[in-house]
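K.L.:
One structure follows; several queries about it will come next.
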Amino acid sequence: KAGVTQTPRYLIKTRGQQVTLSCSPISGHRSVSWYQQTPGQGLQFLFEYFSETQRNKGNFPGRFSGRQFSNSRSEMNVSTLELGDSALYLCASSLSGGGGQPQHFGDGTRLSIL
Amino acid sequence: QKEVEQDPGPLSVPEGAIVSLNCTYSNSAFQYFMWYRQYSRKGPELLMYTYSSGNKEDGRFTAQVDKSSKYISLFIRDSQPSDSATYLCAMTFGQGAQKLVFGQGTRLTINP
């Protein structure tokens, strides 16, 4: 069974640009969550989608947004990129959401802002 | 103060040693507790998943949860060089909650 797939693996952007990251969950998983990982702040929750609806949102500015498609694939978008947005962006999927469902992570997209 | 505290290490031990990794937390509403292992340039890999207090064993790994003390542990027996990685504790609330709250991660090196 294929795991969580994130594309692209690496991205280099400049300040002010926008970027879209993609995540394909494990087959049959309907909940997709996004996290940002930095050396200083560690792993921080961005948002979670289930059945194409955002159910939970972390404490990030509105420049960070996402969506989920009917096949459970998800994208996240970051607009007006800032140097501080350089991070590893991780996607995790679980069966149906809820605390009782373990989350499985992809290998992330490493975003570098110049 | 962070909701979940984890000593970042680094921690270096000889091969074959028993490793103890720990996290403390402040929010008593956490109900589900996880340990993830993350190798360099890879995503976190789920190692252990427990609900409420008690012990859970899987091969060389044992997870302990003490909700009264707000303290969780991961023990690795007969540690191997391949166990060298960053270990992250994570926890979340009950039904309908998908937000995982992570510790900072402990960087572990097993020396042959």
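Only the coordinates and a few stated rules stand behind these numbers; no lab work does. Here the structure is a predicted model, which is why all the values come from computation and not from measurement. So basically every Cβ, Gly included, is an ideal-geometry build from the backbone, and we count neighbours across all protein chains shown.
K.L.:
Exposure proxy check: B:Asp7, A:Asp107 ranked by fewest other beta carbons within 10 Å? Walk me through the numbers on the way to the answer.
P.N.:
Details: B:Asp7 14, A:Asp107 20.
With the fewest neighbours first, B:Asp7, A:Asp107 line up as B:Asp7, A:Asp107.
K.L.:
Fewest first, what order do A:Val78, A:Val4, B:Val13 take by the number of other Cβ atoms within 10 Å? Display every interim value, and only then the final one.
P.N.:
Numbers: A:Val78 25, A:Val4 21, B:Val13 17.
By the 10 Å Cβ count, ascending, the order reads B:Val13, A:Val4, A:Val78.
K.L.:
Please work out the ratio of the alpha-carbon Rg of region A:57-114 to 2.2 N^0.38 Å and round it to two decimals. If you can, show how the numbers build up before the last one.
P.N.:
Numbers: Rg = 13.1 Å, N = 58, 2.2 N^0.38 = 10.3 Å.
The reported ratio for this selection is 1.28.
K.L.:
Residue by residue through A:74-81, how many Cβ atoms from other chains fall within 10 Å of the Cβ on average?
P.N.:
Working: counts 0, 0, 0, 0, 0, 0, 0, 0.
Mean partner-chain Cβ count within 10 Å for A:74-81: 0.
K.L.:
Also: Tally Lys/Arg at +1 and Asp/Glu at -1 over every other residue whose Cβ is under 14 Å from the Cβ of A:Tyr49; what's the total?
P.N.:
Numbers: positive: A:Arg30, A:Arg55, A:Lys57, A:Arg67, A:Arg73, B:Lys99; negative: A:Glu48, A:Glu52, A:Glu75.
Neighbourhood net charge equals +3.
K.L.:
A further question follows. Of B:Ile72, A:Ile26, how do they rank once you tally other Cβ atoms within 10 Å and put the fewest first?
P.N.:
Listed from fewest to most nearby Cβ atoms, that is A:Ile26, B:Ile72.
K.L.:
A follow-up question, please. Applying the Karplus parametrisation 6.51 cos²θ - 1.76 cosθ + 1.60 with θ = phi - 60° to the phi angles of region A:83-88, what ³J(HN,Hα) value in whole Hz is obtained for each residue in order, glycine and proline being reported as x?
P.N.:
4, x, 7, 4, 5, 9
K.L.:
Additional query: Counting Lys and Arg as +1 and Asp and Glu as -1, what is the net charge of the other residues whose Cβ lies under 11 Å from the Cβ of A:Tyr35? Numbers along the way, then the final one.
P.N.:
On the way: positive: B:Lys99; negative: A:Glu48.
Computed value for this residue: 0.
K.L.:
Something else: What net charge is computed for the residues neighbouring B:Ala85, neighbours being all others with C-beta under 10 Å from the C-beta of B:Ala85, Lys and Arg scored +1, Asp and Glu -1?
P.N.:
Details: positive: B:Arg37, B:Lys42, B:Arg107; negative: B:Glu45, B:Asp83.
Surrounding charge for B:Ala85 is +1.
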